[in-house]
Amino acid sequence: MQTEIGRLRRVKAFATEAGVSVRTLHLYDRLGLLWPAATSESVYRLYGDAEFERLEHILALRVPPAHRTAVRNSSHRHGI
């Protein structure tokens, strides 16, 4: 699927490309760390290039569970 902002990928393809599990992406969505760019008519979560960059940032800052709020607040504050 192509858009003006780049290629959108279904959650499985995105997870494979990023080297994480679909379960990890669902967890990050539930925690408010990473959310899909869009949802397809079939209710698939779709991720694009911006989400890939954000995921790379999250993975680089991976911290123990007690500090997830700090990562989420830092990401939001910096517009990531």
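The values are calculated or read from the model by the stated rules, or taken from the named source; none is laboratory data. Just so it is clear, the structure is predicted and the values come from calculations on it, not from any experiment. Here the Cβ positions follow ideal geometry from the backbone for every residue, glycine too, while neighbour counts run over all protein chains shown.
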Original post:
Just one of the numbered conditions (1) touching a strand residue (DSSP E or B) at 6+ places or on another chain (Cβ under 9 Å); (2) at pLDDT below 90 is not true of Ala66; which one?
Top reply: (1)
Original post:
All but one of (1) at pLDDT below 70; (2) part of a loop (DSSP other than H, G, I, E, B) hold for Val71; which doesn't?
Top reply: (2)
**OP:** List every residue pair whose Cβ atoms sit under 8 Å apart, with the two residues 6 or more apart in sequence or on different chains, where the first one lies in the stretch 32-61 and is at positive phi and the second, anywhere, is not polar (S, T, N, Q).
**Re:** Gly32/Arg72
